[in-house]
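Here's the structure, in structure tokens; my notes come after.
The values are calculated or read from the model by the stated rules, or taken from the named source; none is laboratory data. Predicted, not measured: the structure shown is a model, and the values here were computed from it. Every residue, glycine among them, receives a Cβ derived from its backbone with ideal geometry; neighbour counts consider all protein chains shown.
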Amino acid sequence: MAVRTPLPDPVEAHRDRHWCREEALRVTSAGEAERFIERAGFAACLTDTRRPGPSLYVAVCGRRDAVMPRHVQHDPEASLTWTLKDDVMRRGQVYYAKLGRGRAMFVAPRLVPAFHALWGMKKVDEARRLDADARAVLRVLRAEWEMATADLRTESGVTDGKRFAAAMDALQAAMLVVPSEVLYEPRFTYIWTLAVGRFPALARSRMTRDAALREVARAFLAGAGMTLRGELARVAGLSRADAGLGNRALVAEGTAAMRSTGQYVLPELSAFVP
């Protein structure tokens, strides 16, 4: 297990409240999960205390020391998290896809324009930035709007499993495609759809990259209370340089105080940070 840098008790207590790491704040329903994601701005799905940042699994556990067991199939908290993930994805009120460095992530509607400014791809860039497999899958989805994995593989001609998975990862990372449903009978499959179909605001998103970095940093710091060196980059999938730009923008407007290189804290918690 990775060793976490100790944080001042008031900062840990702040994270407990904002990231639902308390028994009284445990997430047990899809509605509560959506409210948790809205407050956090963005959150991982099945990460645990060994990885920083808000996590639906940790919120389901309701404790700061939650660790994913080796055999998750028999763990009730992991099972509930997986069920809630499916329900939230199906309801379509928050964004869910593999973003950043290929990690499954929930994004609150208010931050979708910011993430799109950072990861989204314009249509004019698709031929240059997407490979032939991803473009073939995207052509089919733009014609059909929604399709199950097996049918999409057949219609696109990308029948090799590894190539298809790589294409879907690339399309999710570019915020072009999202999973909209998961079925377990008669066999396990995802239903895929165009991101803009579920989130029409993507078509009108015009946020600048600098503004997007600031808003992502703001959302993380609001829940974290204090961010350590490299923490925002790791959680949001940003480069350290970009994470620094976002955090320093908060310092410039007075939303955060910089205590040392890479260490930023909310003004109300500054007195507790040495």
Response to the item:
Considering the stretch 139-189, residues that are free of Cβ contacts under 8 Å to residues at least 24 places away in the same chain and among the basic types (K, R), and then whichever is nearest to K85 (Cα to Cα), we arrive at R187
Worksheet item: Got at least one residue in the stretch 185-193 being surrounded by 17 or more Cβ atoms within 10 Å (Cβ to Cβ) and assigned to a helix (DSSP H, G or I)?
Response: no
Response to the item:
K98 passes all but one of the listed conditions (1) in contact with an Asp or Glu (Cβ under 7 Å, 6 or more places away or on another chain); (2) in contact (Cβ under 8 Å) with a residue 24 or more places away in the chain; (3) charged (D, E, K, R); (4) not assigned by TED's automatic domain parsing to the domain that holds K85; the exception is number (4)
Worksheet item: From the list V158, V140, which residue is assigned to a loop (DSSP other than H, G, I, E, B), within 28 Å of F188 (Cα to Cα) and not assigned by TED's automatic domain parsing to the domain that holds W82?
Response: V158
Fill in: Search result, residues across the stretch 152-184 that are buried (at least 21 other Cβ atoms within 10 Å of the Cβ) and of a type in the set (V, I, T)
V158, V177, V178
Practice prompt. Might you let me know whether the stretch 100-122 holds any residue that is surrounded by fewer than 19 Cβ atoms within 10 Å (Cβ to Cβ), more than 19 Å from the chain's Cα centre (by Cα) and of a type outside the set (S, T, N, Q)?
Written response: yes
Worksheet item: Within the stretch 198-254, which residues are among the aromatic types (F, W, Y) and either within 23 Å of F272 (Cβ to Cβ) or modelled with pLDDT of 95 or more (or both)?
Response: F220
Discussion item. Restricting to the stretch 263-274, count the residues that are modelled with pLDDT of 90 or more and either in contact with a strand residue (DSSP E or B) (Cβ under 8 Å, 6 or more places away or on another chain) or surrounded by 13 or more Cβ atoms within 10 Å (Cβ to Cβ) (or both).
Written reply: 7
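Could you please let me know if A134 is modelled with pLDDT under 95 and either over 19 Å from the mean Cα position of the chain (by Cα) or not in a loop (DSSP other than H, G, I, E, B) (or both)?
Details: modelled with pLDDT under 95: no; either over 19 Å from the mean Cα position of the chain (by Cα) or not in a loop (DSSP other than H, G, I, E, B) (or both): yes.
Answer is no for this residue.
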Discussion item. Given (1) out of contact with any strand residue (DSSP E or B) (no Cβ under 9 Å at 6 or more places or on another chain); (2) under 22 Å from R129 (Cβ atoms); (3) of a type in the set (G, A, S), identify the lone condition not met by G197.
Written reply: (1)
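Go through the stretch 19-37 residue by residue and tally those that are within 16 Å of the chain's Cα centre (by Cα) and surrounded by 17 or more Cβ atoms within 10 Å (Cβ to Cβ). If you could, list the steps in order and put the result at the bottom.
Here is the first cut: in the stretch 19-37, the residues within 16 Å of the chain's Cα centre (by Cα) are 19, 33-37.
Those still in the list that are surrounded by 17 or more Cβ atoms within 10 Å (Cβ to Cβ) too: 19, 33-34, 36-37.
Qualifying residue count for the region: 5.
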Worksheet entry | Condition check for L232: free of Cβ contacts under 8 Å to residues at least 24 places away in the same chain and surrounded by 17 or more Cβ atoms within 10 Å (Cβ to Cβ) | yes
Worksheet item: So M147 fits all but one of (1) in a helix (DSSP H, G or I); (2) in the same structural domain as E181 (by TED's automatic domain parsing); what number is the exception?
Response: (1)
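Quick test for you: out of L171, L228, L213, L266, pick the one residue that is closer than 23 Å to A40 by Cα, touching a helix residue (DSSP H, G or I) at 6+ places or on another chain (Cβ under 6 Å) and either assigned by TED's automatic domain parsing to the domain that holds V88 or hydrophobic (A, V, I, L, M, F, W, C) (or both). Outline the logic, then answer.
Working: L171 fails: closer than 23 Å to A40 by Cα; L228 fails: touching a helix residue (DSSP H, G or I) at 6+ places or on another chain (Cβ under 6 Å); L266 fails: touching a helix residue (DSSP H, G or I) at 6+ places or on another chain (Cβ under 6 Å).
Just a single option satisfies the conditions, and that option is L213.
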Worksheet item: Residues in the stretch 69-81 that are within 22 Å of F106 (Cβ to Cβ) and either in contact with a Ser or Thr (Cβ under 8 Å, 6 or more places away or on another chain) or not assigned by TED's automatic domain parsing to the domain that holds C20 (or both): how many?
Response: 2
Item to complete: Kindly indicate the residue of the stretch 235-260 that is touching a helix residue (DSSP H, G or I) at 6+ places or on another chain (Cβ under 9 Å) and of a type in the set (V, I, T) and also surrounded by the fewest Cβ atoms within 10 Å (Cβ to Cβ) among those meeting that condition.
Response: T255
